[in-house]
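J.: Quick one: structure below, then a few questions.
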Amino acid sequence: MKKKEIKIAIDLMGNDIPPIDLLNACVLEEKKKLPGVSFVFIGTKELQNIAIKAKANFILAKHTIFLDDNPLTALKKKKDSSIAIGMKLLKEAQVDAFVSAGNTGAIMTSAKMNLSMLPFISRPSLLALLPTEKKTLTVLDVGANISAKSKYLFENALIGIAFQKAIGNKYPKLGLLNIGSEEQKGTVEQKKVFEELKKLSLKTKFFNFVGNIEPKEVFQSDIDVLITDGFTGNIFLKTAEGIANFILNRLRQCGDRCDSIRPYFSDLQKYLHYEQYPGALLTGVNKIVIKCHSYSSFNLISIFYNQPI
């Protein structure tokens, strides 16, 4: 029986990457004849001729939702935007996944408007993978839903646990990001979800809730899932990326003084540079949506191949 070809829709618009550069890079990758995979590019008119010359599968978008646009307003006014078209293709099962580095709010809102939610999940969240000393850590939410209500934190926990089990972890360790490790720390909502997760962990033995985790402990801990709200999670993620870039830039500038550690530099870069972990999975919906950094390079495609989803 012949395997079904995987079609990935790629939004070329509305991010910090020049659309032409992104299109050229994607077309170059597609020419490698990845087995069973094809791309569907979505972009505006200035890219159409380039796509035709490259014999690429291209869909014309009349509008672009920019990073500083109000998500709901933009979706209402720009119904033929690249994000709206990509989400429609996904809804109608014309593609198997949608990848975009565009406006996060617009992607999440469009997904909720067009796609069905998973059972017991009320809002989408963004799941990112981060390197730590011991393993790759699953973090959510990192920017989709800024509400810190215990209900949404609890849903994030369910999704994170399910994700870990889907990739083979039978008994994942889960932590709650907080300002201290003590049980009584945090907001009312954090204390509430702490108790809910503690009870569920003891009752079901389905996962191991280890309690609160301070930000400084995250990269040395052995937890598999880190739960937080989208506002805090996004700040945590971007702070980690900023520190990583600072360290890498300082090492690049140190000249002869760093000769002894240069053999380890490429390995360190793999652990610290955001492009090794370039995007996040929009969870909670019944289709595959990948939200990438607005400043990602072509590595935004690599998440689809190199990370389990």
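The values are calculated or read from the model by the stated rules, or taken from the named source; none is laboratory data. Treat the numbers as computed from the prediction; the structure is a model and nothing was measured. Because the Cβ atoms are built from the backbone with ideal geometry, glycine has one as well, and the counts that use them run over all protein chains shown. Just so you know, the surface numbers come from the protein's heavy atoms only, side chains and all, with ligands and any DNA or RNA stripped out. Shrake-Rupley method; radii C 1.70, N 1.55, O 1.52, S 1.80 Å.
J.: Give me a count of the residues in region 203-214 that are among the hydrophobic types (A, V, I, L, M, F, W, C) and modelled with pLDDT under 95.
T.: Selection size over region 203-214: 1.
J.: A further question on this structure: Within region 48-60, count every residue that is open to solvent by less than 70 Å² (accessible area, probe 1.4 Å) and either more than 25 Å from the chain's Cα centre (by Cα) or touching a residue at least 60 places away in the same chain (Cβ under 8 Å) (or both).
T.: Total satisfying the criteria: 5.
J.: Look at region 85-94 and say how many of its residues are within 19 Å of ALA280 (Cα to Cα) and open to solvent by 10 Å² or more (accessible area, probe 1.4 Å).
T.: Qualifying residue count for the region: 0.
J.: Of the residues LYS45, LYS112, LYS78, which is open to solvent by 60 Å² or more (accessible area, probe 1.4 Å), farther than 30 Å from SER150 by Cα and not aromatic (Phe, Trp, Tyr)?
T.: Answer to the check: LYS45.
J.: Being open to solvent by 70 Å² or more (accessible area, probe 1.4 Å), hydrophobic (A, V, I, L, M, F, W, C) and modelled with pLDDT under 75 is the filter here, so list the residues in region 244-298 that pass it.
T.: Hit for region 244-298 is ILE261, nothing else.
J.: Give region 16-35 a look and list any residue that's farther than 24 Å from LEU67 by Cβ and either of a type in the set (Gly, Ala, Ser) or part of a loop (DSSP other than H, G, I, E, B) (or both), or say none.
T.: If the condition is that a residue be farther than 24 Å from LEU67 by Cβ and either of a type in the set (Gly, Ala, Ser) or part of a loop (DSSP other than H, G, I, E, B) (or both), then LYS31, LYS32, LYS33, LEU34, PRO35 are the ones that fit.
J.: Within region 160-167, does at least one residue satisfy the condition of being open to solvent by 40 Å² or more (accessible area, probe 1.4 Å), in a loop (DSSP other than H, G, I, E, B) and within 21 Å of GLY233 (Cβ to Cβ)?
T.: Within region 160-167 (the criterion being open to solvent by 40 Å² or more (accessible area, probe 1.4 Å), in a loop (DSSP other than H, G, I, E, B) and within 21 Å of GLY233 (Cβ to Cβ)), the answer is yes, since at least one residue qualifies.
J.: If a residue must be modelled with pLDDT of 95 or more and farther than 26 Å from ALA166 by Cα, how many such residues does region 215-230 contain?
T.: 0
The rows are residues; the columns are (1) over 18 Å from the mean Cα position of the chain (by Cα); (2) not in a loop (DSSP other than H, G, I, E, B).
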{"position": "ALA128", "(1), (2)": "no, yes"}
{"position": "VAL142", "(1), (2)": "no, no"}
{"position": "LYS170", "(1), (2)": "yes, no"}
{"position": "GLU182", "(1), (2)": "yes, no"}
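J.: Being farther than 16 Å from ASP222 by Cα and either open to solvent by less than 10 Å² (accessible area, probe 1.4 Å) or free of Cβ contacts under 8 Å to residues at least 60 places away in the same chain (or both) is the filter here; which residues of region 127-148 pass it?
T.: Matches in region 127-148: LEU127, ALA128, LEU140, ASP141, VAL142.
J.: Looking at HIS63 and the list (1) in contact (Cβ under 8 Å) with a residue 24 or more places away in the chain; (2) touching a Lys or Arg at 6+ places or on another chain (Cβ under 8 Å); (3) within 14 Å of GLY14 (Cβ to Cβ), which single condition is not satisfied?
T.: With (1) in contact (Cβ under 8 Å) with a residue 24 or more places away in the chain; (2) touching a Lys or Arg at 6+ places or on another chain (Cβ under 8 Å); (3) within 14 Å of GLY14 (Cβ to Cβ) applied to HIS63, the lone miss is (1).
J.: Evaluate region 40-56: report whether one residue or more is among the aliphatic types (A, V, I, L, M), assigned to a strand (DSSP E or B), at negative phi and out of contact with any Lys or Arg (no Cβ under 7 Å at 6 or more places or on another chain).
T.: Among the residues of region 40-56, at least one is among the aliphatic types (A, V, I, L, M), assigned to a strand (DSSP E or B), at negative phi and out of contact with any Lys or Arg (no Cβ under 7 Å at 6 or more places or on another chain), which makes the answer yes.
J.: Tell me, please, whether a residue that is among the β-branched types (Val, Ile, Thr), part of a helix (DSSP H, G or I), touching a helix residue (DSSP H, G or I) at 6+ places or on another chain (Cβ under 8 Å) and under 13 Å from ALA106 (Cα atoms) can be found in region 81-91.
T.: yes
Rundown of residues vs (1) open to solvent by less than 50 Å² (accessible area, probe 1.4 Å); (2) closer than 23 Å to THR104 by Cβ; (3) in contact with a Lys or Arg (Cβ under 9 Å, 6 or more places away or on another chain), yes/no style:
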position: ASN178; (1), (2), (3): yes, no, yes
position: LYS185; (1), (2), (3): no, no, yes
position: LYS205; (1), (2), (3): no, no, no
position: ASN234; (1), (2), (3): yes, yes, no
